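Each remark here refers to the structure printed beneath this line.
The values are calculated or read from the model by the stated rules, or taken from the named source; none is laboratory data. As the structure is a prediction and not an experimental result, all values here were calculated from the model. Ideal geometry is used to build each Cβ from the backbone, glycine not excepted, and the neighbour counts take in all protein chains shown.
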Amino acid sequence: MSWTRVSDRRWERPVDGLEGYFVVMANITAGLCSGREHYTLFSKIKLELTQPDAPVALKRAWEQIRYEQPQIAATVEGMKKVYEVPDAKALEDWLAATFIISPASEAEELYQSVDPIKQATLYYLPKSSELVFRGHHHTIDGMGIMLFWHSYLEALQRPATNIKFGEEPARLAPAMEKVLGYPEQPTQELNDKATAIFMSWAGSIPGIGPVSQLGAATSGNCHNTELVFPTDVTSALVTACKSKGVSVSAAIHAAYIKAIEKYADPNSKLSEYVTATQFNLRPYLPAPYNSSKYAASVYYTPLPYKINLPTSYWDIVRSLTEYYATSFKDHPEMLKLKGHFVRVLCGAVQTPEFLAQPVPKDALVSSLGIAERHLQREYGNAIKVKDLKFGVDVVMGMSMFFFYTFRDQLRLVYSFNDGFEKPEDIQKYLEEIKAILEEELLIEAQ
């Protein structure tokens, strides 16, 4: 899993299990949907910029990010990551292809008309003062995008003056197992445990889910529907969670479960909720891999979770609070299992048997926490971040439900495909989540 120099300018390493999973899913969906790839990540920030020559400065910061975090420019060939040190022409070609000044009026208009990408790409929208980042999930993850924005805006604030391409491959992001020094080949015991964890999910899906035409209709347009809470409601929800000794992530996730339970497809398995929730593993990595210096990396893992239904909201909250708090904390063995678990996942999704199974119709849930722990609201006097949004292309597969806070506002984002689910239904789910949170945490507290 190490990067190897194979020529004067070319470096390669095998993808790890999770990266491989995203490569496989991207290839499958691209082949079926005119090049569109499931799991392509999307994020926008709205800026207040007072510096002159903004397009020039923004482009220069993008070039600096490539120098500081070269994996942002890596590509995939087969099941290998590839990075090539650019000469002057190659660098200009890369900038022309991946830094795009868009005439769109705002990010949502751009999102609905943008072409599939070949590499991570940054768009500048002068009309709305927005930046949009799109990247393959085998290059970066959700928390990585948050860290990317921080690194990028730092580069914008403090441009480097001594960029000299050729030395940057030393900073290519290694696979997580390489960072931790774990052997690539598991013991039989670890392999058996990893397989058992995978089967606890694969053998139970799909569980309860909302009405969806996934698997029975043609892929449509991708959407990232957002619901933003007022600051006073957000503050009250956080205070209520603290007073009850539960995590905010658990409270929101439980509200999502209760919402889909209310609007469940009667033909789904109503007796069980089954998912694979996302865990950011950067806190368990040594410096500098735990920092924004390695934003362009895939340093997280899904982990199965299931609970029998029907059950009360608070039983789900308590179960999820323990799950989020203890799955990796004080369990170093789970970090060892991660690599083997996702390797099993990658192998399974390439088998005809797995691909023939019904796809879960509930959304994968991803908590990105408090954005300001990673992204500042201001960078010097000339750069202010006024808004932040995350999403993902849902082309032919599971939807995703993101939540996070920024500028003291809780934000819910449901990424879905309108060929499978109706926009009005997604809005209804988000409103139901909000209503459940207010009823269980605010009205009950009064």
Next item on the list: Go through the range 100-135 and count every residue that is in a strand (DSSP E or B) and either farther than 21 Å from SER297 by Cβ or out of contact with any helix residue (DSSP H, G or I) (no Cβ under 9 Å at 6 or more places or on another chain) (or both).
Entry: 6
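Are any of the residues in the range 269-284 under 23 Å from the mean Cα position of the chain (by Cα) and surrounded by fewer than 16 Cβ atoms within 10 Å (Cβ to Cβ)?
The answer is yes, given that some residue of the range 269-284 is under 23 Å from the mean Cα position of the chain (by Cα) and surrounded by fewer than 16 Cβ atoms within 10 Å (Cβ to Cβ).
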Margin query: So, in the range 151-180, exactly how many residues are under 17 Å from ALA296 (Cβ atoms) and part of a helix (DSSP H, G or I)?
Written below: 13
Check: Right, GLU177: closer than 19 Å to VAL85 by Cα, surrounded by 19 or more Cβ atoms within 10 Å (Cβ to Cβ) and not polar (S, T, N, Q) or not?
Finding: no
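What number of residues within the range 201-236 are part of a loop (DSSP other than H, G, I, E, B) and in contact (Cβ under 8 Å) with a residue 24 or more places away in the chain? Steps first, please.
Filtering the range 201-236 down to residues part of a loop (DSSP other than H, G, I, E, B) leaves 203-209, 211-221, 229-230.
With in contact (Cβ under 8 Å) with a residue 24 or more places away in the chain added as a condition, the list becomes 204-209, 211-215, 217-221, 229-230.
Residues that pass the stated criteria total 18.
Looking at the range 21-47, which of the residues that are more than 15 Å from the chain's Cα centre (by Cα) and in a helix (DSSP H, G or I) is surrounded by the fewest Cβ atoms within 10 Å (Cβ to Cβ)?
Keep residues of the range 21-47 that are more than 15 Å from the chain's Cα centre (by Cα), which gives 24, 27-36, 45-47.
With in a helix (DSSP H, G or I) added as a condition, the list becomes 24, 27-32.
On the way: VAL24: 20, ASN27: 15, ILE28: 18, THR29: 22, ALA30: 17, GLY31: 10, LEU32: 14.
Only one residue fits best here, namely GLY31.
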Checklist line | Within the range 136-174, considering residues that are small (Gly, Ala, Ser), surrounded by fewer than 24 Cβ atoms within 10 Å (Cβ to Cβ) and out of contact with any helix residue (DSSP H, G or I) (no Cβ under 7 Å at 6 or more places or on another chain), the one nearest to ILE117 (Cα to Cα) | finding: GLY142
Next item on the list: Test THR301 against the stated conditions and say whether it is among the polar types (S, T, N, Q), more than 30 Å from PRO174 (Cα to Cα) and at pLDDT 95 or above.
Entry: no
Item checked: Hey, LYS329 buried (at least 17 other Cβ atoms within 10 Å of the Cβ) and either modelled with pLDDT of 90 or more or assigned to a loop (DSSP other than H, G, I, E, B) (or both) or not -> no
Note to self: Between ALA295, ALA259, ALA264, ALA325, which is in contact with a Lys or Arg (Cβ under 9 Å, 6 or more places away or on another chain) and hydrophobic (A, V, I, L, M, F, W, C)?
What the structure shows: ALA259
Margin query: Given the options ALA356, ALA348, ALA363, ALA371, name the one that is over 25 Å from LEU110 (Cα atoms) and touching a residue at least 60 places away in the same chain (Cβ under 8 Å).
Written below: ALA348
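Residues being assigned to a helix (DSSP H, G or I), surrounded by 13 or more Cβ atoms within 10 Å (Cβ to Cβ) and either not β-branched (Val, Ile, Thr) or not assigned by TED's automatic domain parsing to the domain that holds TYR299 (or both): count how many of those fall in the range 332-361. Even if it seems obvious, please write down each step before you answer.
Keep residues of the range 332-361 that are assigned to a helix (DSSP H, G or I), which gives 332-348, 352-355.
Of the ones still in play, those that are also surrounded by 13 or more Cβ atoms within 10 Å (Cβ to Cβ) are 334-348.
Within this subset, residues satisfying the condition of being either not β-branched (Val, Ile, Thr) or not assigned by TED's automatic domain parsing to the domain that holds TYR299 (or both) are 334-341, 343, 345-348.
Total meeting the criteria: 13.
Hey, can you tell me all the residues within the range 283-322 that are of a type in the set (Lys, Arg) and either in a helix (DSSP H, G or I) or touching a Pro at 6+ places or on another chain (Cβ under 7 Å) (or both)?
Narrowing the range 283-322 to residues of a type in the set (Lys, Arg): 293, 306, 318.
Once the filter is applied, which keeps residues that are of a type in the set (Lys, Arg) and either in a helix (DSSP H, G or I) or touching a Pro at 6+ places or on another chain (Cβ under 7 Å) (or both), the range 283-322 yields LYS293, ARG318.
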